Amino acid sequence: MTTKDYLNQISYYNKIIDNKLIEITQYKELSYSISAVVNEERVMSSSDPDKTGWDKTGCGYVRLEQMEESLDKLIDKYIDVKNKIIEQIEQINNEDYYTVLFLRYVRKFTFEKIANETGWCWRQVHRIHAKALQAFEDKYGSEYL
């Protein structure tokens, strides 16, 4: 894993969480929209849940619960990774390096937005970013390389 990949874990987990939330919402909408079919004819009934369809609703709730548990674990992992990376960035002693790394990987700013925020030119932001990545890798690279 490169230093950029390591720092981009925050964004990666955030995207996965967003997608899981969408997936859960869609699943809820689908499961709530299923309605019973009314049939006037009386057909021989069965006590087997698979044949009656009764158990399918229960399975839907179990599946939804599993999806939500999976999301909870993902959120816990995201928080742990984010806090660790923020702590590591805070340990970078150069203020410019800290600023660029924090804005780029925690706040998700583009290089142009970092330039506007700091008053540096775009090229200067890129130079500082490259040096900051190297400083970060020198200090923490043994943990993820």
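So, of the residues in segment 105-135 that are of a type in the set (D, E, K, R) and free of Cβ contacts under 8 Å to residues at least 60 places away in the same chain, which turns out to be nearest to N14 (Cα to Cα)? So the residue we want is R107. Going by what's in this entry, would Y144 be described as touching a residue at least 40 places away in the same chain (Cβ under 8 Å), open to solvent by less than 70 Å² (accessible area, probe 1.4 Å) and in contact with a Phe, Trp or Tyr (Cβ under 7 Å, 6 or more places away or on another chain)? Criteria met by Y144. Might you check whether a residue that is in contact with an Asp or Glu (Cβ under 6 Å, 6 or more places away or on another chain), open to solvent by less than 20 Å² (accessible area, probe 1.4 Å) and assigned to a helix (DSSP H, G or I) occurs anywhere in segment 114-128? Yes, the conditions are met somewhere in segment 114-128. Among the residues making up segment 94-113, those that are surrounded by 13 or more Cβ atoms within 10 Å (Cβ to Cβ) and of a type in the set (V, I, T) are T99, V100, V106.
Among residues of segment 44-90 being in a loop (DSSP other than H, G, I, E, B) and open to solvent by less than 100 Å² (accessible area, probe 1.4 Å), the one that is modelled with the lowest pLDDT is G53.
The values are calculated or read from the model by the stated rules, or taken from the named source; none is laboratory data. These numbers were taken from a predicted model, which means no experiment stands behind them. Here the Cβ is made from the backbone with ideal geometry for all residues, glycine too, and neighbour counts use every protein chain on show. Areas reflect the complete protein model, heavy atoms only, side chains present, ligands, DNA and RNA absent. Shrake-Rupley method; radii C 1.70, N 1.55, O 1.52, S 1.80 Å.
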